[in-house]
Amino acid sequence: MEKQPLLKATNLSVGYRSGQKEKCVAGPLSVEMCEGQLICLLGPNGAGKSTLIRTLSGLQHALSGAVMIEGESITKLKPAQIARKLSLVLTDSVKSGNLDVFSLISLGRYPYSGWLGGLSENDKNIIQWAVESTHTEKFLDRKVGQLSDGECQKVMLARALAQDTPLIILDEPTAHLDLPSRIELMRLLHQLAKKTKKGILISTHELDLALQVADEIWLLKKDGSLESGSPESLVLNGTFESAFDKAGVLFDKTTGTFNIHQNTGKTITLLGNGAAAFWTKRALLRHGYTITESASAEIVAEVILSEKSLEWRLTINEDTFVSHTIDGFLSRLKTL
Amino acid sequence: MTEADSYKNELNSGKLSPLKKVIIGALILFLFILFILDVSLGPVAIPFKAVIKIIFSLGSDDEAWIYIIEKIRIPKAITAVLVGCGLSVSGLQMQTLFRNPLAGPSVLGITAGASLGVALVMLSAGSITSLYTIQELGINSSWLIIIASTIGAALIMMLILAISSSLKDNVIMLIVGVMIANITLSIISIWQYFSAPDQIKEYLLWTFGSLGGVTEHHLYVLMFSIFAGLLLSFISSKILDALLLGENYARSMGLTVNRARIIIICSTSILAGSITAFCGPIGFVGIAVPHLARSLFNTSNHRILIPGCCLIGTALMLICDIISQMPGSQTALPINVITALIGSPVVIWVIVSRNNLRGF
């Protein structure tokens, strides 16, 4: 028999039902996730990412279509059965500040522990593994209320790992985190997917991180349709660009980033390479210049590294201005 | 200590540390002393030695003393223990279920609902809720009162829960709870308005709360209800632990949330309802003791907190009862006044010194 996908949605429509009225947020869509895959669910605000996540994880009923976990319909499974197949990290804050981290992670063993919640030797081993995988040893005896946002997310991930399920779904785990914590968390999830063969689904707004770590991207568009594929194929076929298309925001296919600066129409030739040249380029883009590498432009900026010191040389119609700091170079440029 | 060792310590943290064992041992000893002290004090002065003799069934020369100790003071002290356990545990469960550190049977109108249940039974019997009428009831009627007040408490709790699930905001939910309590109390007031003055006086006395009205077979009925409620809540301690993370997480861990809610509402209503039926609406204990227990035992594990609440709640009620008798005088103050007077500063002190109102 062919191995069933971990998670499969067919003709799924998600949304809210109040009385007789149905409000469809997204769908119909069909997606599939296999073991060992890290999938990022991207989409603009209000496209229905959270609703889709809630529906896929069984917290909310689908309007139509089916969600299957390892070949079984989620509506036919009991909560206790779902809990052994799928664990969650949600955006809900844990208000119980007096709960200590170790107890919180141990709660992940809830579906397996006895009727009073006692832990077996096996439970303890899995908790220990979850703690080590997420590097949360340091704050095991702290209270949840004393954790930073980044630490809290790692602890919630450790709890999900302790639940020992083939599938983990995370709803915006990187929200409120600073950049290093975001990268750390994404790298951790990537490694987990590869090492443990778990299927991991993340909804996120981190486009550049998602493009780097995801095996597959599910792109939920404003109109409720979903495109899936490898990050590279979505970028190259233009789907990515169109999904986030807004006035003044351009996706740069060559760098994989969004351009936030508007062009003023001035052109500059930039010569030189290395880190200094890269950051000079960023500064010039911020000031609205279009950069070329051919020497055709009226203004020529040159970054020269000589004998451990940096030099910026600005040439305009034969006049040359030399600065030893980028700030001096930029203030000269502003006077033009 | 190697890292592996520190792990083992962490992994055993579900069990009690030696320090906590000492705390529990000291508390139990303290409770025992308080119990004897409570029994030995009262309007009629009885020598301490005689009290000890009577407690340990060694008899006494004075028949009146034996009667006072066995029929009045011991039942009253046992009632204090039951009330202390029941109200604290019901408060603990409500704080976890509503995820709100200010939840408690008296704040959210659960005791008001119980009062309404009692009042309705009394009304249909053509009489008024009072200690004295309750005392005159037979065993069947006392069951009826308990069931009525439990149902009253459960109805109010389900109403608040239904509203709170659509609101999701703790502060608004608390306001709704207080409003519902007011509505319930005003229904009772309307009915009081049409009652005779002496009946109103009796009702007012009942609202002051009293531990002295529970004697003989009432005590057995109350004892049975409290044991049932405590057992139910101890069985649901795993459910309560899971609910600490909120309903979505609890559901994702395999908890059938609606069934869990019903179990918790049942045990809370039985506890708060039966106590209110016999002792009047006793405030404050339900909110305060869970906070004290969390501070003292420094945990949020309900397997430890539920017995912990019982110990601290019992101590608090015994102390309040001792003070309410105003040792050395012939008068006794209403228990409700004392619980608030003693307990509120304690709670303020705990919250300020630990800065953990958020940490429930």
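The values are calculated or read from the model by the stated rules, or taken from the named source; none is laboratory data. Computed from a prediction, not measured in an experiment: that's the story for all the values here. Counting neighbours? That spans all protein chains shown, and the Cβs are built from the backbone with ideal geometry, glycine included. With ligands, DNA and RNA removed, areas are computed over all heavy atoms of the protein, side chains included. Shrake-Rupley method; radii C 1.70, N 1.55, O 1.52, S 1.80 Å.
I need a count of the residues in the stretch B:250-260 that are of a type outside the set (A, V, I, L, M, F, W, C) and surrounded by 19 or more Cβ atoms within 10 Å (Cβ to Cβ).
Final tally of qualifying residues: 2.
With the condition being within 14 Å of chain B (Cβ to nearest Cβ), surrounded by 14 or more Cβ atoms within 10 Å (Cβ to Cβ) and among the polar types (S, T, N, Q), I'd like the helices (runs of 4 or more DSSP H) fully within the stretch A:1-107 carrying at least 2 qualifying residues.
A:49-56, A:101-106
Given the criterion buried (at least 17 other Cβ atoms within 10 Å of the Cβ), under 29 Å from B:S300 (Cα atoms) and free of Cβ contacts under 8 Å to residues at least 40 places away in the same chain, identify the matching residue among A:L161, A:L167, A:L177.
A:L177 is the lone residue from the list that is buried (at least 17 other Cβ atoms within 10 Å of the Cβ), under 29 Å from B:S300 (Cα atoms) and free of Cβ contacts under 8 Å to residues at least 40 places away in the same chain.
Only residues that are open to solvent by less than 30 Å² (accessible area, probe 1.4 Å) and assigned to a helix (DSSP H, G or I): list them for the stretch A:108-122, please.
A:G108, A:R109
Taking the options B:L296, B:L240, B:L232, B:L292, name whichever one is modelled with pLDDT of 90 or more, within 14 Å of chain A (Cβ to nearest Cβ) and open to solvent by 10 Å² or more (accessible area, probe 1.4 Å).
So the residue among B:L296, B:L240, B:L232, B:L292 that is modelled with pLDDT of 90 or more, within 14 Å of chain A (Cβ to nearest Cβ) and open to solvent by 10 Å² or more (accessible area, probe 1.4 Å) is B:L232.
Using beta carbons and a limit of 7 Å, which pairs, at least six apart or on different chains, have the first residue in the stretch B:61-82 and free of Cβ contacts under 8 Å to residues at least 24 places away in the same chain and over 15 Å from B:Q325 (Cα atoms) and the second one of a type outside the set (V, I, T) and open to solvent by less than 20 Å² (accessible area, probe 1.4 Å)?
Note: pairs meeting the criteria are B:W65/B:A50.
Tell me whether the stretch A:126-143 contains one or more residues that are at the interface with another protein chain (Cβ under 9 Å from one of its Cβ atoms), open to solvent by 10 Å² or more (accessible area, probe 1.4 Å) and touching a residue at least 24 places away in the same chain (Cβ under 8 Å).
Yes.
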